[in-house]
1. Taking the simple approach of a point 7 Å from Cα along Cα-to-Cβ for both residue 352 and residue 40, what is their distance in nm?
2. Quote to one decimal, in nm, the extra length available between residue 480 and residue 99 on full extension: 0.36 nm per residue of separation minus the C-alpha distance between them.
3. So if R0 is 51 Å, what FRET efficiency would residue 206 and residue 457 give, r being the distance between their Cβ atoms, rounded to the nearest 0.05?
4. Rounded to the nearest 10 degrees, what's the angle between the helix 309-325 long axis and the longest principal axis of the chain, both from Cα atoms, 0 to 90?
5. What FRET efficiency would be calculated for the residue pair residue 493, residue 320, taking the C-beta separation as r and a Förster radius of 45 Å, to the nearest 0.05?
6. Residue 79: net charge of surrounding residues, Cβ under 12 Å, Lys/Arg +1, Asp/Glu -1, itself excluded?
7. Just add up the charged neighbours of residue 253: K/R +1, D/E -1, any other residue whose Cβ is under 15 Å from the Cβ of residue 253.
8. Each residue of the range 269-275 in turn: what ³J(HN,Hα) in whole Hz from Karplus with 6.51, -1.76, 1.60 and θ = phi - 60°, glycine and Pro shown as x?
Amino acid sequence: VPQRVWRINLDTPEEAHQNLSFGAADRWWEQIDLTKLILASNKLQSLSEDVKLLPALTILDVHDNQLTSLPSALGQLQHLEKLDVSHNKLRSVPEELLQLPRLKSFLLHHNELSSLPEGFGQLISLEELDLSNNHLTDIPTSFASFVNLVRLNLASNQLKNLPAAVSAMKSLRQLDCTKNYLETVPSELATMASLEQLYLRKNKLRSLPAFPSCKLLKELHAGENQIEILSAENLKHLNSLSVLELRDNKIKSVPEEITLLQKLERLDLTNNDISRLPYTLGNLPQLKFLALEGNPLRAIRRDLLQKGTQEFLKYLRSKIQDDITGPNEEPPVTAMTLPSESRINMHAITSLKLLEYSEKQAMAIPDEMFTAVRSHPVTTVNFSKNQLKEIPPRIVELKDSVCDVNLGFNKISSVSSELCLLHKLTHLDVRNNLLTSLPEEMEALTRLQVINLSFNRFKVFPTVLYQLLALETVLLSNNQVGSIDPLQLRKMEKLGTLDLQNNDLLHVPPELGNCENLRTLLLEGNPF
C-alpha cells in the first residue's frame, strides 16, 4: 500500500500547495478524516502497522489478497464497524483485534484458520460473523457472549461438535453449519428462540433434535446426512417452518404430525427410503413444492409424481376419503369364480382398475389374466420386470379402456401393431428393453402424453414421436441417439420435458433454443 494512503489524514494534498487561494472553510483535509478504505482484490502480502494513522476508519475491506497475517495495530481502530479479511491466507487472528468495541461485521471466510483465540467472544457488538471455508476443529466457549450476533456462518470447516454455548446467542437468526463432521446437535440449540434459518447439510447427523422453543424457525436444511428417523417430536413445535429440506438421508417414514407444519411451502425428501406417505400431507394449505424422487414409494404411480405437486396433493386428498370409507373387500371365492381366477387379484381389477403381473420373471403373460378382465374395464396394465420378448398380443382386448401401460425391464425388441391400437393410451413405459426403433403405426396413439424409452438401444431419435403432438414428456436417456431435429421438435407444442442424458450427441443444435415450451432439457453425459 503506498505510504501516502496511510498518511492521507496527515499530509496536505498536492493541489493545496499549487493553489494558495484556499480559504479556511475550503480546507477539507483539515476537517475530515478518512472513514472507509477498500483495498480488495489486490496482491497485498502484508498490511503496515501504519494503519493506526487512520483512527476514524469505520470500514476496512482487504478481501481477496494474499495476506498471511494481520497487523496488531488494527486493534487501535476504535471506530471500526466492518472488517472484511476474507479470501486471504490467514492462519491466525491477533489478540489485539478483540479490543474493537464497535465491530459489527467480521468476515473471515476462505482463509486457513485452524483455531480462534479463546477470548474471541469479547467482540460483543458483532452482528455478523462469517468463518466458513477454514480448517476450524472447534469453537471457543466465549462465543456465548455474542448476544447481538444475528448471522453466524461456520460452513465448510472440520467441526465435530457445536458447544452448547451457541445457545446463549439470543439474537441469532441464521446459523450455517453445512459441510462439517457433526454427528449430533446440542439439545440446547432447541432453545434458541430467535433462530429463523438453520443449515445442517452435509454432516454426519443420525437424528434431528426436538425444537421446543424455535417458534420462529422458517428454514431447516438437513440434507445429505444419515438421518433415519423423522419423529413427531422433531416437528411438532415448528409452527413457522416454510422450508424443510431432508434430501439424501435414510428416512423410512413420514409421521402424520407433518400436518402440524401449517406454513410449510417446500418439502424436499428426495433420495430417502420412504415407502409410504401419510395421505394427510395433501391437507398442508401452503405446500407448493414436494420432491419425492428416489424413494421406494409403494402404491403411488410414477406418473403421479411427474404431474407436479398440486396434482399429487389432490391425489393424496382423494385417498383420505377412501381411507375413511374403507377399502372394498375382495369378492369371495364362490362356485361362480373360475379356479384360475382365485389367484388373480380381482380386487385390483374391479376397484383399482389395475391388471398387474409384474416381477414374476415370466416369459409370457398367462391367458387367464386377460380372461379375468372380461367385462371389467382396466385403465392400468403393469407387466414390468419379467422376461417378455414381445408385447402380449392379447393386450389389444383392453383397447377401449387402458390408458397406462408399463412394460419396463423386459427383453422386448420391437413394438407390436397390437399396442398401436390402444387408442386411449396416455402413458407408456418401456424402459430397460432392447428397442432400436418405433413403428410408424404408433402415430395412431394421438393421446399419448408420457413415453419412457430410457435404457434401450435407439441410435436415432424415433421419427414417429414428432407426429405425436399430445406428448408432454419424452424420456430417452441412456440410449445411443446421435442427433435430433429441432425444427420438428418445435411443432410438438405440448412437450415440456425432454431427457437425452447419456446419449451420443456430438453437438446441440442452436435452433433448440426456439423450442420455448421446453421447461426441462437434460443433456448431461453426451460427448459434446
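The values are calculated or read from the model by the stated rules, or taken from the named source; none is laboratory data. Quantities reported herein were computed from a predicted structural model and do not represent experimental measurements. Quick reminder, even Gly has a Cβ in these numbers, built from the backbone with ideal geometry, and neighbours come from all protein chains shown. Just so you know, the surface numbers come from the protein's heavy atoms only, side chains and all, with ligands and any DNA or RNA stripped out. Shrake-Rupley method; radii C 1.70, N 1.55, O 1.52, S 1.80 Å.
1. 5.8
2. On the way: separation 381, 0.36 × 381 = 137.16 nm, distance 6.56 nm.
Gain on extension, residue 480 to residue 99, equals 130.6 nm.
3. Details: r = 43 Å, r/R0 = 0.85.
The value I calculate is 0.75.
4. Rounded to the nearest ten degrees, it is 60.
5. Details: r = 36 Å, r/R0 = 0.80.
With R0 = 45 Å, the Cβ-Cβ based efficiency is 0.80.
6. Numbers: positive: 36, 82, 102, 104; negative: 33, 81.
Result for the neighbourhood of residue 79: +2.
7. On the way: positive: 250, 252, 276, 298; negative: 228, 233, 256, 257, 273.
Residues close to residue 253 contribute a combined charge of -1.
8. 10, 3, 6, 10, 10, 6, 9
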